[in-house]
Amino acid sequence: MVDFLQLASAAAGFAPAMLLMYYTLRSYTFPRVEKPFFDDRKLFAFFALGVVLGMVLFAFESWGETIAGVETVLALVIGFALMEELMKLVILNFPRFQKKIDTAFYALALGLGIGSTVTFANVYIFLLDVESVGPAEVGIVAFLGVLFVLMHGSTTTIIGIGVARGDVKGYFPEALLIHVLFGLLYESFFAIDIIPPPANVLGLGGATAVVVYAYAKIHRTSIPALVKDANRLAARK
């Protein structure tokens, strides 16, 4: 039977992902435009794929944390970031997706799907270890979880835009840098033996700033610029 912790964890992961998907994509589909820039069926197929991949990544990272010491956190953060972004690149860079504008939108769905289940799993595990779960605890872990939704949504979309533009080498390093910066700053919040409170809060603030900026950029600048360039090319034909 589904309990409160599962419901709260699911809401923390899936609600932000679905809201961000609607918020970002509403201008590129019916009724805002006569001809949508993506296929809804493919969009949700990529989201579902992201949900599955998110669970795989969470399981792998959880295993890595069991063997990690303070001295290996840096290597693990960079290693996991590289592995995850390369996985996204392999999926999105298939020939059928190259230099196609809809790839960027499917990439967003893939990233939000990954972020939703990573968040769900992290929030649920955390709440299981809390003696008394109240609104404050749920709110805190939900906020922390949203950061992963923003991070995976933005980095995956950046890679998708690179594939759509035929410029993977120019966009992949940006996605990787965002992921690494977020990972290092986020982990510093929990490294209270090295960075005691309240100084550790600066790390969480930095991680939040990185992913909020990254997502705002793809929403306000990168995707609109891709659409504008695609429309310009179509008008010339």
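The values are calculated or read from the model by the stated rules, or taken from the named source; none is laboratory data. Nothing here was measured: the structure is a model prediction, and the numbers come from that model. Reconstructed Cβ throughout: ideal geometry from the backbone, glycine too, with neighbour counts over all protein chains shown.
What do you reckon, is VAL227 more than 23 Å from PRO16 (Cβ to Cβ), in a helix (DSSP H, G or I) and within 19 Å of the chain's Cα centre (by Cα)? Taking the combined requirement at face value, the residue does not satisfy it. Against the numbered list (1) on the phi < 0 side of the Ramachandran plot; (2) in contact (Cβ under 8 Å) with a residue 24 or more places away in the chain, LEU76 comes up short only at (2). Kindly establish whether ILE158 is in contact with an Asp or Glu (Cβ under 7 Å, 6 or more places away or on another chain), over 22 Å from ASN122 (Cα atoms) and among the hydrophobic types (A, V, I, L, M, F, W, C). Yes, satisfied. Here region 150-198 is the region considered, the condition is being in contact with a helix residue (DSSP H, G or I) (Cβ under 9 Å, 6 or more places away or on another chain) and not in a helix (DSSP H, G or I), and the residue that is modelled with the highest pLDDT is ASP167. Screening region 106-164 for residues that are closer than 18 Å to LEU7 by Cβ and in contact with a Pro (Cβ under 9 Å, 6 or more places away or on another chain) and picking the one that is surrounded by the fewest Cβ atoms within 10 Å (Cβ to Cβ) gives ALA142.
Among the residues of region 30-43, write down those that are closer than 17 Å to LEU110 by Cβ and surrounded by fewer than 18 Cβ atoms within 10 Å (Cβ to Cβ). Listed by number, the residues that qualify are ASP39, ASP40, ARG41, LYS42. Here's a check for you: in region 180-216, which residue that is within 28 Å of THR24 (Cα to Cα) and touching a Phe, Trp or Tyr at 6+ places or on another chain (Cβ under 6 Å) is surrounded by the most Cβ atoms within 10 Å (Cβ to Cβ)? Filtering first and then ranking leaves VAL211.
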